[in-house]
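Only one structure is covered here, and it is reproduced in the block below.
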Amino acid sequence: MARQKPYDGVALCAPVTVPYMRFSDKSAHWWTGAALAALARQTGLGPADFDGFCFASFSAVPDTVVGMVQHLGLSPRWMDHIPTGGASGVMALRRAARAVQMGDAELVACVAADTNQIDSFRQTLQGFSRFSQDATYPYGFGGPNATFALIADNFMRSYDVSREDFAKLCVAQRANALSNPHALMKKPLTHAQYMQARPISDPIHLFDCVMPCAGAEAFIVTTPEKAQELGLSTARLAATIERHNAFAEDGVQTRGGWARDIDDLWSAAGYGPQDMDMVQAYDDYPVIVAMQLADLGFCDKASLSQFIADTDFTIGGSLPLNTNGGQLSAGQAGAAGGFQNVTEGLRQILHDPLGEQIPNAQRALISGFGLVNYDRGICTGAAVLEQDVLR
Amino acid sequence: MTDPLIPPKRKDPLVVTRAGHVSPTLRSRSATAMAARAGMGRFVLQVCDDCAKATYPQRDRCPFCWGTLSWQDQPNGAVIEAETTIRSSIDLFFKEHLPWRIGSARLDAGPMATVHLHGDVARGDRVRLELKLDRAGNPALFAMPERETPHMADDPQLRVFTAHPKFRRVLVTDGRSEIGQAVAEALLKAGAKTVFLGNADPLMRYPGQEQIEAIPGIEPVHLSLTDTRSIETLAGQLGGRVEIVVNTARFTRQGGVGFGGHLSNLQSGLDLEVTGLMRLAQGFAPALSARSDDGDRSAAALVDIASIYGLTGKAGYAGSSATAAARLSLMASLRGEMAQTGIRVMSVLTGPIEDGWHQNVPPPKTTSAQIARAVVTALEQGQETICADEVAKDVLARWLQDPILTIREENK
């Protein structure tokens, strides 16, 4: 297989988060505009200045990136629509980076935005994908909770991982969320509260689930020169991977596409897991966080329980995890849930966090996981980001 | 072990009846094709025409080699690899039926599938998968214990996918006929609480009347399918306490189209069997629909018994076959309507009946006992189309294979 070429001449900058709301009477278009307006405030740029636009959303229907471009007055010479939810941030990053590197665009706004109106979650689920409409949701309509309950049931038995282990991840993320003013969950979560939460779909309990909400996330991919001109701090992209529908032969999902490509990621990055100052992992459920920690090379699955016990996942800890609280504590704003790992990682290495700063953070591992098309997450990706210039 | 169903209490008229929501209805065309086969009691999966591998969920091309797919009967064994009990749902039907158990099944045929779990099935078990129809007429894989367990049919999740007669009250439209009487008796044996037995002409005695009316659970009622007012009156009296309607009315006469047919026979047949079916549906469909999710004694099904020759026509029985054709057509339309309210619409198909109107037809012929058995099986299984006998099975198999050939054969 051809080796990945370096992302020379690419700068990542200007992460923005539009504060989430549990329910919103606004549209995805409104939230997208809000994210662009936030980018404009950081950069002083307007619609005419962006020549690239990369977009992810579930609730913009019937519009795609095309409708959004006209709706918001953009005129890009490069655009892309990423329909992969939780993997959309890493994928947007990869695509925009190559477009900028090759000169197809110079200044790309990457935006994910979703609204959450009353009952829109149910309606989105009903028609989410053909396989889910035919073969998942008619089975009790437990939504993603039920699908991940099946995955968790199998995972916990297969690798001797317990709810106690998941509790540690969730409690640490909540501790991280407390310094994030935008997090929807504002109260501390204790181990006991996690353990005593009401069951949702065994073995998934209340604090294993994200809270659907409205929100938007965005960042800019451009050249180092342009970033300097705009006075923006920048990060560089050390390496990335992406894989879809890996291990289709596995019965119940126990691994994601990362497991197939992780060696390529670390060798292209020139770093290993021990060199990361943080992990911003996709956290729709703690079982998926645990799966990622193993698949991304922090430990093997058999020693997951021990690894979790030995690691401090808080911002001041040995391996800070989802430092904004992740979706579990900050909320899941649809496709923006697949961008918040990128924006939070960027903010930490650019030393401009929403909440507390990881001391001297230089490098972030970002991991995306998206789209339960039927019985498992199909899309996976990961990226290693490194601080470049602080301005 | 399943808790045996206990006889439902009398309904409290002051309590609001649960609305008959159906489970989510959006489906692909391939899923609908699976439903059509599920309705006939088959266990099918799509198999690749090129590489012969089975696939699931329903696709339009093979995921292994991109070949074309066709529906084939498949082994129905499976192993449950993971399970969950859903305790929270935002769906209007399921939220009223929690907790709900599902599992991940590895099918002997190859694919993995998310399946409904019978209460006696757990993770690691070998199971027998049944392809059922849900309340909205969509396909549903249901994992049953591999071997019969006590009170297996009483499992509350399973009962959502069947119209089991146990403790239900049934209207059988024509008690004057041998078929109606056989059906009524079989339903009581299968656990029905009451059979309201229709009699179009209470002033005229009929064969078997004393015996059938003496059976506990039989309640004779005045019902004439040719009289709209009699249906309206009965629906007014029974609408709220009938859960299953079985239409056994039949009017068969020999005759051709250009030769030997009597217009009056055709008109009588159409009035009783076709207009009569519509009268019956208009009288009882709204009441059944309103109670399709009414606890252990939910309204469940409307069953119609019609001649298989409705699919093909039949030389020598042209008028009766035309009547059956109209009847099947009405049933298809009614099925679509009732799928929105959670009531199953079932057709029992028969060959020539063993009666005085089929004296010239050589055996095998369909007996009343066979028809009664088919009615009970269809209800117990939740099956949409069932053949009562070998002739019906033979004609249906040929018709499914090659309808225009079968039509020609049956009219020679």
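The values are calculated or read from the model by the stated rules, or taken from the named source; none is laboratory data. Treat the numbers as computed from the prediction; the structure is a model and nothing was measured. Note that we place each Cβ from the backbone using ideal geometry, even for glycine, and neighbour counts take in every protein chain shown. Side chains are part of the model used for accessible areas, which takes the heavy atoms of the whole protein and leaves out ligands, DNA and RNA. Shrake-Rupley method; radii C 1.70, N 1.55, O 1.52, S 1.80 Å.
Condition first: open to solvent by 10 Å² or more (accessible area, probe 1.4 Å), in contact with a Leu (Cβ under 8 Å, 6 or more places away or on another chain) and outside any loop (DSSP other than H, G, I, E, B). Now tell me which residues in the stretch A:269-300 satisfy that.
A:PRO273, A:ALA294
Please work out which residue is farthest from the chain's Cα centre (by Cα), limiting yourself to the stretch A:65-114 and to residues that are under 21 Å from A:PHE128 (Cβ atoms) and of a type in the set (S, T, N, Q).
A:THR84
Scan the stretch B:294-314 for residues that are surrounded by fewer than 24 Cβ atoms within 10 Å (Cβ to Cβ) and out of contact with any helix residue (DSSP H, G or I) (no Cβ under 7 Å at 6 or more places or on another chain) and jot them down.
B:ASP294, B:GLY295, B:ASP296, B:ARG297, B:SER298 - these are the residues of the stretch B:294-314 that are surrounded by fewer than 24 Cβ atoms within 10 Å (Cβ to Cβ) and out of contact with any helix residue (DSSP H, G or I) (no Cβ under 7 Å at 6 or more places or on another chain).
Here is a check on your reading of the model: is A:PRO6 in contact with a Gly (Cβ under 8 Å, 6 or more places away or on another chain) and under 21 Å from A:GLY103 (Cα atoms)?
Working: in contact with a Gly (Cβ under 8 Å, 6 or more places away or on another chain): no; under 21 Å from A:GLY103 (Cα atoms): yes.
Taking the combined requirement at face value, the residue does not satisfy it.
Only one of these is facing chain A (nearest Cβ under 8 Å), buried (at least 19 other Cβ atoms within 10 Å of the Cβ) and either basic (Lys, Arg) or assigned to a loop (DSSP other than H, G, I, E, B) (or both): B:PRO63, B:PRO57. Name it. Step through it out loud before you land on a result.
Details: B:PRO63 fails: buried (at least 19 other Cβ atoms within 10 Å of the Cβ).
None of the others qualify; the one that does is B:PRO57.
If you go through the stretch B:343-384, how many residues are of a type in the set (Gly, Ala, Ser) and in a strand (DSSP E or B)?
To start, the set of residues in the stretch B:343-384 that are of a type in the set (Gly, Ala, Ser) comprises B:347, B:351, B:356, B:368-369, B:372, B:374, B:378, B:382.
Subset that is in a strand (DSSP E or B): B:347.
Here the count works out to 1.
Going by the conditions given, is A:HIS29 in contact with a His (Cβ under 6 Å, 6 or more places away or on another chain) and over 27 Å from A:GLY377 (Cα atoms)? Talk me through it step by step, then tell me what you get.
Details: in contact with a His (Cβ under 6 Å, 6 or more places away or on another chain): yes; over 27 Å from A:GLY377 (Cα atoms): no.
When the stated conditions are applied, A:HIS29 does not pass them.
If B:SER88 meets every condition in (1) open to solvent by 10 Å² or more (accessible area, probe 1.4 Å); (2) assigned to a loop (DSSP other than H, G, I, E, B); (3) more than 11 Å from chain A (Cβ to nearest Cβ); (4) over 29 Å from B:ARG241 (Cβ atoms) apart from one, which number is that one?
(3)
Just give me the residues in the stretch A:187-206 being open to solvent by 60 Å² or more (accessible area, probe 1.4 Å), without any contact (Cβ under 8 Å) to a residue 24 or more places away in the chain and either in contact with a Phe, Trp or Tyr (Cβ under 6 Å, 6 or more places away or on another chain) or of a type outside the set (Ser, Thr, Tyr) (or both), in sequence order. Before the answer, list the steps.
The first filter runs over the stretch A:187-206 and keeps only residues open to solvent by 60 Å² or more (accessible area, probe 1.4 Å), leaving A:187-188, A:190-191, A:193, A:196, A:198, A:206.
Those still in the list that are without any contact (Cβ under 8 Å) to a residue 24 or more places away in the chain too: A:187-188, A:190, A:193, A:196, A:198, A:206.
Across the stretch A:187-206, the qualifying residues are A:LYS187, A:PRO188, A:GLN193, A:GLN196, A:ARG198, A:LEU206.
Of the conditions (1) within 14 Å of chain B (Cβ to nearest Cβ); (2) modelled with pLDDT of 95 or more; (3) open to solvent by 10 Å² or more (accessible area, probe 1.4 Å), A:PRO212 fails just one. Which one is it?
It is condition (2) that A:PRO212 fails.
Within the stretch B:27-39, which residues are more than 14 Å from chain A (Cβ to nearest Cβ) and open to solvent by less than 50 Å² (accessible area, probe 1.4 Å)?
Hit for the stretch B:27-39 is B:GLY39, nothing else.
Give the residue, chosen from A:ALA149, A:ALA167, that is modelled with pLDDT of 90 or more, open to solvent by less than 10 Å² (accessible area, probe 1.4 Å), touching an Asp or Glu at 6+ places or on another chain (Cβ under 8 Å) and not in a loop (DSSP other than H, G, I, E, B).
Working: A:ALA167 fails: touching an Asp or Glu at 6+ places or on another chain (Cβ under 8 Å).
The conditions single out A:ALA149.
Output yes when any residue across the stretch A:140-151 is over 30 Å from A:LYS5 (Cα atoms), among the polar types (S, T, N, Q) and within 14 Å of chain B (Cβ to nearest Cβ), and no when none is. So that I can check it myself, show each step before the final result.
As a first pass, look at the stretch A:140-151 and keep what is over 30 Å from A:LYS5 (Cα atoms): A:140-151.
Going one step further and asking which of them are among the polar types (S, T, N, Q), we end up with A:145, A:147.
Keeping just the survivors that are within 14 Å of chain B (Cβ to nearest Cβ) gives A:145, A:147.
The answer is yes; a qualifying residue exists.
Going through the stretch A:33-71 one residue at a time, which ones are of a type in the set (Asp, Glu) and more than 24 Å from A:GLY127 (Cβ to Cβ)?
Narrowing the stretch A:33-71 to residues of a type in the set (Asp, Glu): A:49, A:51, A:63.
Correct list: A:ASP49, A:ASP51.
If B:ARG101 satisfies all but one of (1) more than 11 Å from every other protein chain (Cβ to nearest Cβ); (2) touching a residue at least 40 places away in the same chain (Cβ under 8 Å); (3) charged (D, E, K, R), what's the number of the condition it fails?
The number of the failed condition is (1).
Suppose we keep only residues that are part of a strand (DSSP E or B) and either in contact with a Phe, Trp or Tyr (Cβ under 6 Å, 6 or more places away or on another chain) or on the phi > 0 side of the Ramachandran plot (or both) within the stretch B:106-122. Which one would you say is surrounded by the fewest Cβ atoms within 10 Å (Cβ to Cβ)?
Taking the stretch B:106-122 first, the residues part of a strand (DSSP E or B) are B:106-107, B:112-117.
After this cut, where a residue has to be either in contact with a Phe, Trp or Tyr (Cβ under 6 Å, 6 or more places away or on another chain) or on the phi > 0 side of the Ramachandran plot (or both) as well, the list is B:113-114, B:116.
Working: B:ALA113: 21, B:THR114: 26, B:HIS116: 27.
Ranking the candidates gives B:ALA113 first.
To keep it simple, each residue is scored yes or no on (1) surrounded by fewer than 18 Cβ atoms within 10 Å (Cβ to Cβ); (2) on the phi > 0 side of the Ramachandran plot.
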{"residue": "A:ALA2", "(1), (2)": "yes, no"}
{"residue": "A:TYR7", "(1), (2)": "no, no"}
{"residue": "A:PRO15", "(1), (2)": "no, no"}
{"residue": "A:ASP25", "(1), (2)": "yes, no"}
{"residue": "A:THR32", "(1), (2)": "no, no"}
{"residue": "A:LEU39", "(1), (2)": "no, no"}
{"residue": "A:GLY44", "(1), (2)": "yes, yes"}
{"residue": "A:PHE53", "(1), (2)": "no, no"}
{"residue": "A:PHE58", "(1), (2)": "no, no"}
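Within the stretch A:233-247, identify whether any single residue is open to solvent by 20 Å² or more (accessible area, probe 1.4 Å), under 17 Å from A:CYS379 (Cβ atoms) and in a loop (DSSP other than H, G, I, E, B), and answer yes or no.
yes
Looking at A:THR64, A:THR115 in this structure, which one is β-branched (Val, Ile, Thr) and touching a residue at least 40 places away in the same chain (Cβ under 8 Å)? Before you say what the answer is, go through the steps one by one.
On the way: A:THR64 fails: touching a residue at least 40 places away in the same chain (Cβ under 8 Å).
The unique qualifying residue is A:THR115.
For the stretch B:16-23, indicate whether the set of residues that are open to solvent by 10 Å² or more (accessible area, probe 1.4 Å), touching an Asp or Glu at 6+ places or on another chain (Cβ under 9 Å) and within 14 Å of another protein chain (Cβ to nearest Cβ) is non-empty. Let's see the steps before the verdict.
Let us first name the residues in the stretch B:16-23 that are open to solvent by 10 Å² or more (accessible area, probe 1.4 Å), namely B:16-22.
Applying the additional criterion that residues be touching an Asp or Glu at 6+ places or on another chain (Cβ under 9 Å) yields B:17-22.
Then keep just the ones that are within 14 Å of another protein chain (Cβ to nearest Cβ); that gives B:21-22.
There is at least one residue in the stretch B:16-23 that is open to solvent by 10 Å² or more (accessible area, probe 1.4 Å), touching an Asp or Glu at 6+ places or on another chain (Cβ under 9 Å) and within 14 Å of another protein chain (Cβ to nearest Cβ).
Can you tell me which of A:ALA361, A:ALA335 is touching a residue at least 60 places away in the same chain (Cβ under 8 Å), in a helix (DSSP H, G or I) and either among the aliphatic types (A, V, I, L, M) or open to solvent by 10 Å² or more (accessible area, probe 1.4 Å) (or both)? Write out each step before concluding.
Working: A:ALA361 fails: in a helix (DSSP H, G or I).
The unique qualifying residue is A:ALA335.
For B:LEU277, all conditions in the list (1) in contact (Cβ under 8 Å) with a residue 24 or more places away in the chain; (2) not in a helix (DSSP H, G or I) hold save one; what is the number of the exception?
That leaves (2) as the condition not met.
Matching residues to (1) surrounded by 17 or more Cβ atoms within 10 Å (Cβ to Cβ); (2) farther than 19 Å from B:ARG10 by Cα; (3) among the β-branched types (Val, Ile, Thr):
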{"position": "B:GLU213", "(1), (2), (3)": "no, yes, no"}
{"position": "B:VAL221", "(1), (2), (3)": "yes, yes, yes"}
{"position": "B:THR226", "(1), (2), (3)": "no, yes, yes"}
{"position": "B:SER230", "(1), (2), (3)": "yes, yes, no"}
{"position": "B:LEU234", "(1), (2), (3)": "yes, yes, no"}
{"position": "B:GLU243", "(1), (2), (3)": "yes, no, no"}
{"position": "B:THR248", "(1), (2), (3)": "yes, yes, yes"}
{"position": "B:GLN254", "(1), (2), (3)": "yes, yes, no"}
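Pick out the one residue from A:PHE369, A:PHE313 that is of a type in the set (Phe, Trp, Tyr) and under 12 Å from the mean Cα position of the chain (by Cα). Give the derivation first.
Values: A:PHE313 fails: under 12 Å from the mean Cα position of the chain (by Cα).
Criteria check complete, one pass: A:PHE369.
When the stretch A:97-130 is examined, which residues are found to be surrounded by 21 or more Cβ atoms within 10 Å (Cβ to Cβ) and either outside any helix (DSSP H, G or I) or at the interface with chain B (Cβ under 7 Å from one of its Cβ atoms) (or both)?
Scanning the stretch A:97-130 gives A:ALA105, A:LEU107, A:VAL108, A:ALA109, A:CYS110, A:VAL111, A:ALA112, A:ALA113, A:ASP114, A:THR115, A:ASN116.
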